[in-house]
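None of the figures in this text is laboratory data; all of them are computed from the coordinates on show. Being a predicted model, the structure only gives us computed values, none of them experimental. Here the Cβ is made from the backbone with ideal geometry for all residues, glycine too, and neighbour counts use every protein chain on show.
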Number of protein chains: 2
Amino acid sequence: MAELARPAATATADPANWTCPAPLRDQPVVVMGHGGGGALSAELIEQVFTPAYGNPVLAGLGDSAVLDLGGARLAFSTDSYVVRPLFFPGGCLGDLAVNGTVNDLAMSGAVPTHLSTAFILEEGVELTVVERIARALGAAAEAAGVLVATGDTKVVETGHGDGVYVTTAGVGLVPDGVDIRPQRARPGDVVIVSGPIGLHGVAIMSVREGLEFGIEIASDTAPLAGLVAAMLAVTPDLHVLRDPTRGGLAASLNEIARASGTGVRLQERAIPVPEAVANACGFLGLDPLFVANEGRLVAFVPRPHAEAVLAAMRAHPQGAGATVVGECVAEHPGMVVVATGLGGTRVVDLPLGEQLPRIC
Amino acid sequence: MAELARPAATATADPANWTCPAPLRDQPVVVMGHGGGGALSAELIEQVFTPAYGNPVLAGLGDSAVLDLGGARLAFSTDSYVVRPLFFPGGCLGDLAVNGTVNDLAMSGAVPTHLSTAFILEEGVELTVVERIARALGAAAEAAGVLVATGDTKVVETGHGDGVYVTTAGVGLVPDGVDIRPQRARPGDVVIVSGPIGLHGVAIMSVREGLEFGIEIASDTAPLAGLVAAMLAVTPDLHVLRDPTRGGLAASLNEIARASGTGVRLQERAIPVPEAVANACGFLGLDPLFVANEGRLVAFVPRPHAEAVLAAMRAHPQGAGATVVGECVAEHPGMVVVATGLGGTRVVDLPLGEQLPRIC
């Protein structure tokens, strides 16, 4: 599939040379990679959606927007969830639909408060399936401390859906003094990951393909707003937060590097890849840096605060495995490189699409 | 299809006797009618979603919720749009996805400000189709005075979608002193409809079924927030506003009657049914009261303000055809009746589903 192909030479030292590896106009139809959160998704946004909507708030399309509304600083975000299968080790569509949107809000430093849920049901799906997903959604909302405030249900004919799709939108309040966004990364920032990576993607793949890797790997799906609050209690001056979902850590770091015009340098040996994930990725020819997570965040923290923020993260259940993985540098602006164990470096580029379609 | 069947005896004088005509437990799978906005939809909400989420804000599930957030009164609403075909006389999926959600917000008296958009694209759909819909969405947002603030795109395999589905969520601010909700209908309220009914449903049906009714009938899809603002300028004390979409005027009035414990009495001859709609409905065996609208509202206005509100509506482009269609009464609580041209009355019950699936 299209999103498995990698661009031949997209990563160059000068971001001005970044080109879309598969120009939209050469490709008249939607391919799976357009939903993968990588270069094809970015291209669709830049060439189709942004010109169509054309307004300044859209700069952060795909993240939560922060709006000044009635005297409040409101974070607002949405995601559709089309994960296949609906149930997987560690969670289901219902959890994802809450945690994914809550985490998008939390990545702007917001305290999420309310969600909307819109279900697109396929005619013929068992009501018990809908009920299990709704209950998981309700439980996840309670665990994340948000209320489901409003909703909608539509039904489409058999063959025009896939059981259940859920779209959630969320709102939350951004505390005064907090200004967290990709553009704020600065050379010298310490890059921290909140725990082991790759679990969600490998969990989905294992159940979807019927693969076993000796040990059941469960998705890391979890709400991260509590962890973010613990970090903000140390300092409101966090520069960037991001949850590396579709496209994995590689996509998130590339987006931050591009948005801020800085470089990111990772230490390969510091990246927390669980053995089971490493084994599965080796077997399948995947790079763990590109595998989706649903309960992890990456933070760019000013160096003077890094140690205290790391300690606060490790004291929180969702950040117990937090670790420094690299730093933000002035060299190679817009690029992400990894210092390998052998003393060399390799470039980590923006994936074209997602290695695994319908991961969330 | 299931939603074409009508319950044998659902309308009784005592709302306590209202029963679900097709108990969920006797029906193990989702049917088209569960998305029709009628009794089956209500049953799904009451038996599946509400127990799963269990929280007080949910009382208004399906409408916009009004939240106290950071000192602001925030209206919050969502809808998925799965209309078939994507383009129809008078509009397309993109317009609907804006106007439907903007109107849901306006029905709480809110001034809509921002939308989120989440696209679920089917692999293989032409990018020009996506682009046309996005441009219509952008134009409709501009016309409605709202900004598209954030978004998401997912892609599903061919055979698991239908070209394009869009889910929008919206936020807006409710002015101080405004408290508009179905529970506030009171005997004596004057019931006003903002213009001719049935146009959206008949427009969709004509293009979907290839029927011609002598004259092209265009959807009434339009944003109603400006009209609501004009009404609120007369008095903040409007009791109920509702846009009669799925299930038509019949569904909206039944929901208001049930929520408020009052009765609604319509004058058949006063209901503005365009001749073309009447002809089409006659031909197809439909009741115009059950046909969807996408640019109309029904208002319950305290009698002392009714004349001035009606004048303000008629002075607004979206309310030029506004007319009094009936009143709210103490008799037959929870029921909607129509006084017919022959001097009798008939009961208008809550539809089981929508006469026409995927109308919006």
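Among the GluC sites (Glu not before Pro) in the range A:197-236, those located in a DSSP loop and surrounded by at most 14 other Cβ atoms within 10 Å of their own Cβ are A:GLU212, A:GLU216. Comment: the Cα-to-Cβ extended label point of B:GLU157, at 7 Å, lies 2.1 nm from its counterparts in the other copies, nearest first.
Between copies, A:GLU126 shows label-point distances of 4.1 nm, shortest first, with the point placed 7 angstrom from Cα along Cα to C-beta. Quick check: net charge around A:VAL83, other residues with Cβ under 12 Å of its Cβ, Lys/Arg +1 and Asp/Glu -1? Around A:VAL83, the surrounding residues sum to 0.
In square nanometres and to one decimal, what's the mean projected area of the convex hull around the Cα atoms of the protein assembly as shown?
Averaged projected hull area, Cα only: 29.9 nm².
Protection proxy ranking of B:165-171, A:108-114, B:317-323, by the mean of other Cβ atoms within 10 Å over each peptide's residues and highest first, is B:165-171, A:108-114, B:317-323. What are the nm distances, shortest first, from A:GLY344 to its equivalents in the other copies, labels at 7 Å along Cα→Cβ? Spacings between copies for this position, smallest first, are 8.9 nm.
Checking the a/c ratio against 1.5 first, then a/b against b/c, what shape does the Cα gyration tensor give for the range B:13-173? Note, shape of the range B:13-173 comes out oblate.
Look at where the Cα atoms of the range A:188-241 and of the range A:80-140 average out, and the two centres are 17 Å apart. Shown in residue order for the range A:340-355 are the 3J(HN,Hα) couplings computed by the Karplus curve 6.51 cos²θ - 1.76 cosθ + 1.60 at θ = phi - 60°: 7, x, 8, x, x, 10, 10, 8, 10, 8, 6, x, 5, x, 9, 4 Hz (x for Gly and Pro).
Label chain A by shape, choosing from rounded, prolate and oblate, from the square roots a ≥ b ≥ c of the eigenvalues of the Cα gyration tensor; if a/c is under 1.5 it is rounded, and otherwise prolate applies when a/b is larger than b/c, oblate when it is not.
Details: a/c = 1.30, a/b = 1.17, b/c = 1.11.
It is rounded, given that a/c, with a ≥ b ≥ c, falls under 1.5.
Taking a ≥ b ≥ c as the square roots of the eigenvalues of the alpha-carbon gyration tensor, the range A:182-348 is classed oblate because a/c is 1.5 or more while a/b is no larger than b/c. Extent along the principal axes, Cα only, for the range A:266-305: 41, 22, 14 Å, with the longest axis given first. Remark: mean inter-chain Cβ contacts per residue of A:104-115 equal 2, using a 10 Å Cβ-Cβ cutoff to other protein chain atoms.
Proximity of backbone amide H atoms, modeled 1.01 Å from N, is registered between A:THR245 and A:ASN293 at under 5 Å, excluding neighbours fewer than 5 places apart on the same chain.
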